[in-house]
Structure formats: structure tokens, C-alpha cells
Amino acid sequence: MRALALAAGLAVAALPTPASAADKLSVLLEWFVNPDHAPLVVAQELGYFADEGLEVELTPPADPSAPPRLVAAGQADIAVHYQPNLYLDVDAGLPLVRFGTLVETPLNTLTVLADGPIKALADLKGKTVGFSVAGFEDAMLGQMLKGAGLSKDDVKLVNVNFSLSPSLIAGKVDATIGGFRNFELAQMHIEGHEGLAFYPEEHGVPAYDELIFVTRTELAADPRLPRFLTAVEKGAIWLTNHPDEAWKLFVKAHPDLDDDLNRQAWAATLPRFAKRPAALDRGRYERFGAFLREQGLIRAAPAVDEIAVSLP
């Protein structure tokens, strides 16, 4: 009897141990899936999230303005967000904090037709400038014009309702503000109209992180977040080392994006991904907060610790 019991015990011990369930993380993107999200897609496809014991759900938003509010309300764990907008949201009372970086350079531009009459920012005097979103784009434009001896009173602003490149190509405006350099210039090139871009960070606007990861303040110490950033870092480094293979992986996962525009945007975006997504440049956040306060977009520049954290 004792021998039978011992044999049964050994048989149970020999059974495979069930794998522990992965920790789930919900991530709301700021827009539909595109090359800006390459490190996330690569991390997903190569199993880097799974290696960290995570089951990550990447969800494009029905309303691009909703992800930060949904995360603040506890309806998702992480949102991909814009550093400039984070200050506005926190100033409005949303309990959000940045814990990582996806795209570490600005993408915004002021763009004109390369073969047009505008060769320098000073040439914008008396011209029309198309925009999509008031607020930060206004402040950015004003700062860029200031360096050229102009002000916003010297140009006519026209809301083109997210039709930036088409409005510029059609001659409805002389310039646009807010178009992403990795997409707008590619789109214009494909349509046979080369663009000339002026970069905000070269014309008086403090450099900032275009895309960041935010969570609600109470989750800032959640142990899932460092593991998430470890996987994102692996994805960013792998696609930097293997851009062609990464592109194939990307379009295999999202075959509807296999076109010339996204292919060109992919190449233009690769150098801009954060290779150390957990790293926090405190000086950059202090300078940018001060800039937004000077522009009157927020009531006070927040302390860095109130708006961003550096995870171990």
C-alpha cells in the first residue's frame, strides 16, 4: 500500500507544472496603428511582452482624444500620449503621469511647398497658415515666427480640419503647422509635390518627446510597468538593428499598412524611437513646462515629479 502511495506521489510530481498566467496590460494608442508604434508591434510579434510575463492588448481609439481620460478613469492601464498634451491634461486635473518614452524627438513641423515662394520663416508675412488643433500649435507657430521678427498677427490662420497636406498642395493655404515630418513630407512626395519643413526645435521651441507612455498616478509604482518598458526597449533596439526584417514583421501583422506611404514613414521614423524608453530627461521636462507657462497654456509649470517618473 505504501509502495502504491509512493508511486502515485511520484507520478503527480512528474506532471508538468502549469505555466503561470500572464499579467494583462491594456494599452490605448493615440491613433490608428502606424509606423510610430513599431517598437510595440515588434515587441508583440517577437514575444518580448510574453517573455516579461505580460499579455498586452494594443487598442486604437475610436476617439483620439479619449485615451488619456480613459486611463485617468481607470478604464485602461496605459495610453500613448503627447508630451505637450500631458501638461494640459494635468493642469486640467487629470491624474496622469509619464513613465516612458516612445518617440523622443518632436515630429511637428511648419511645412510649405519646396518650389513655392516661402524659403524662410520671414517670408510668411501676409500669408495663410493652415492648422488642425488650436492651443499648442498656436503657441508653437508664435514662437517660430518670433525668431523671424514676426508674430501671429502677421499671418492669417485657417482651420483646415486635419486636411493639412491636401490644403497646401491645392493652394488653399501657403503653409501648414502641426503636420508630422515622418508622414506629411512622404505624402507630399508621393503626390508629386515636395515639401519644405521648418522644425520647431530649430526655431525657438524647446525640444520635447512627441510620444510618451502615461498611466494614472496611482499605478506609477505598478511592477508591470518596468517589465512593459523592458519589452519596448528590446523591440526598439531590434528594429534599429534589423529595419528590413522589422518592416516585414510589421506589415505581416498589419497587411493593410503595406503601402508606399507607410514604407517611407517607417524609414523616417526609425531614428526617432527612444532606445532607453524608461530614461527621463528632467531638464527637458522643466524647460518645456516653463515654455507652456510662458505661452499661457497652463497656469503654472509643474514640478517634474508631479508629471513624470523614472522607473527602476
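The values are calculated or read from the model by the stated rules, or taken from the named source; none is laboratory data. Note that the coordinates shown come from a computational prediction; the quantities given were computed from them, not determined experimentally. Virtual Cβ from ideal backbone geometry, glycine too; neighbours counted across all protein chains shown. Just the protein is used for accessible areas: all its heavy atoms, side chains included, with ligands, DNA and RNA removed. Shrake-Rupley method; radii C 1.70, N 1.55, O 1.52, S 1.80 Å.
As a length-normalised measure over Cα pairs under 8 Å and 6 or more apart, the relative contact order of the chain settles at 27 percent. Taking other residues whose beta carbon is less than 10 angstrom from the beta carbon of residue 304, and scoring Lys, Arg as +1 and Asp, Glu as -1, yields -1.
Considering only 160, 121, 81, whose Cα is most displaced toward the positive end of the charge dipole of region 80-173, charges sitting on Cβ of Lys, Arg (+1) and Asp, Glu (-1)? Working it through, the farthest residue towards the positive pole turns out to be 121. Amide H to amide H, with H built 1.01 Å from N, residue 30 comes under 5 Å of 80, counting only residues 5 or more places away or on other chains.
For the Cα atoms of the chain, what angle does the longest principal axis make with the long axis of helix 224-241, in degrees from 0 to 90, nearest 10? Tilt of helix 224-241: around 70 degrees. Ordering 267, 308, 291 by the projection of their Cα atoms onto the charge dipole of region 266-312, which places +1 on the Cβ of Lys and Arg and -1 on the Cβ of Asp and Glu, puts 267 at the extreme positive end. For the chain, lysine pairs separated by 8 or more sequence positions, or belonging to different chains, with Cα-Cα distances below 13 Å total 9.
GNM remark for the chain: springs join alpha carbons under 10 Å apart, and the peak mean-square fluctuation among 52, 30, 191 falls on 191.
So for the chain: antiparallel DSSP bridges make up what percent, rounded to the nearest 5? Walk me through the intermediate numbers first.
Values: 19 of 34 bridges.
If we restrict to bridges inside the chain, about 55 percent are antiparallel.
For region 154-160, the Karplus equation 6.51 cos²θ - 1.76 cosθ + 1.60, evaluated at θ = phi - 60°, returns couplings of 8, 10, 10, 8, 10, 6, 9 Hz by residue, with Gly and Pro reported as x.
Among 76, 278, 114, the largest mean-square fluctuation in a Gaussian network model of the chain, built with springs joining Cα atoms closer than 10 Å, belongs to 114. For region 42-142, the set of trypsin sites (Lys or Arg not before Pro) satisfying both a DSSP loop assignment and a count of at most 10 other C-beta atoms within 10 Å is given as 119. Sequence-distant contacts, meaning Cα pairs under 8 Å at least 6 residues apart, place the relative contact order of region 184-306 at 29 percent.
Among the trypsin sites (Lys or Arg not before Pro) within region 129-228, which fall in a DSSP loop and have no more than 14 other Cβ atoms within 10 Å of their own Cβ?
Details: sites: 146, 152, 156, 172, 181, 216, 224, 227; in loops: 172, 181.
Sparse-neighbourhood loop trypsin sites (Lys or Arg not before Pro): 172.
Put the Cα centre of region 18-96 next to the Cα centre of region 237-277 and the gap is 19 Å.
In square angstrom, what is the accessible area per residue of region 48-201 with a 1.4 angstrom probe? Could the numbers behind the result be given before it?
Values: 6270 Å² over 154 residues.
In whole numbers, region 48-201 has 41 Å² accessible per residue.
Compare 50, 38, 21 in a GNM of the chain, Cα atoms joined below 10 Å, and give the one with the largest fluctuation. Maximum among the listed residues: 21. Positive-end ranking of 96, 253, 143 along the dipole of the chain, with charges on Cβ about the Cα centre, is headed by 96.
Nearest 500 deg cm²/dmol is fine: what mean residue ellipticity at 222 nm does the chain get from its DSSP H runs of n ≥ 4 alone, each adding -39,500 (n - 2.57), divided by its residue count? Could the numbers behind the result be given before it?
Numbers: 13 runs with 120 residues, N = 312.
Helices in the chain give a 222 nm mean residue ellipticity of -11000 deg cm²/dmol.
Surface composition of region 195-282: carbon and sulfur make up 53 percent of the accessible area, probe 1.4 Å. The calculated FRET efficiency for residue 59 paired with residue 170, based on their beta-carbon distance and R0 = 35 Å, is about 0.55.
Is any residue of region 285-312 close enough, with backbone N under 20 Å, to a label point placed 7 angstrom from the Cα of residue 146 along the Cα-Cβ axis, and if so, which? Residues passing the 20 Å test: 285-302.
Shape verdict for region 125-213, please, from the Cα gyration tensor: rounded (a/c under 1.5), prolate (a/b greater than b/c) or oblate. Walk me through the intermediate numbers first.
On the way: a/c = 1.61, a/b = 1.13, b/c = 1.42.
In terms of gyration-tensor shape, oblate.
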